[in-house]
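S.K.: Got a structure for you, written out below as structure tokens; questions coming shortly.
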Amino acid sequence: MRQGQALPIVSLASYGAIVGCVSAGAGVALVPKGVFEQYAKGAGCVAYEFPELTAIENLFYWHENAGVHPAREAFVAMLREEFL
């Protein structure tokens, strides 16, 4: 709160926009470590890692009627090879 006013929470759909706003001094953000390492570190941002937070499960999803999609299948195969 600033002088009795609640500050707005803004939701942005792209990490580029998030990093741009934070690097311009327009706020703070909670982002995956990989996003910080890829974008924010070079934008003059600093980070704090929360060691007490546990990892979360991430889902890769698509529309049930999407049918065969070679790029999706290649990505899923790469993920399975790397992480399973």
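The values are calculated or read from the model by the stated rules, or taken from the named source; none is laboratory data. Treat the numbers as computed from the prediction; the structure is a model and nothing was measured. Using ideal geometry, Cβ is built from the backbone for each residue, glycine included, and neighbour counts are taken over all protein chains shown.
S.K.: Among Phe75, Phe50, Phe83, Phe60, which is surrounded by 10 or more Cβ atoms within 10 Å (Cβ to Cβ) and out of contact with any strand residue (DSSP E or B) (no Cβ under 9 Å at 6 or more places or on another chain)?
M.R.: Details: Phe50 fails: surrounded by 10 or more Cβ atoms within 10 Å (Cβ to Cβ); Phe83 fails: surrounded by 10 or more Cβ atoms within 10 Å (Cβ to Cβ); Phe60 fails: surrounded by 10 or more Cβ atoms within 10 Å (Cβ to Cβ).
Sole residue among the options that is surrounded by 10 or more Cβ atoms within 10 Å (Cβ to Cβ) and out of contact with any strand residue (DSSP E or B) (no Cβ under 9 Å at 6 or more places or on another chain): Phe75.
S.K.: Which one of these does Ile18 not meet: (1) touching a Leu at 6+ places or on another chain (Cβ under 6 Å); (2) in contact (Cβ under 8 Å) with a residue 24 or more places away in the chain?
M.R.: For Ile18, the exception is condition (2).
S.K.: Go through the stretch 4-44 and give me each residue that's in contact with a Ser or Thr (Cβ under 7 Å, 6 or more places away or on another chain) and either surrounded by fewer than 10 Cβ atoms within 10 Å (Cβ to Cβ) or assigned to a loop (DSSP other than H, G, I, E, B) (or both).
M.R.: Gly44
S.K.: For the stretch 1-37, how many residues meet the condition of being at pLDDT 85 or above and polar (S, T, N, Q)?
M.R.: Residues meeting the conditions: 2.
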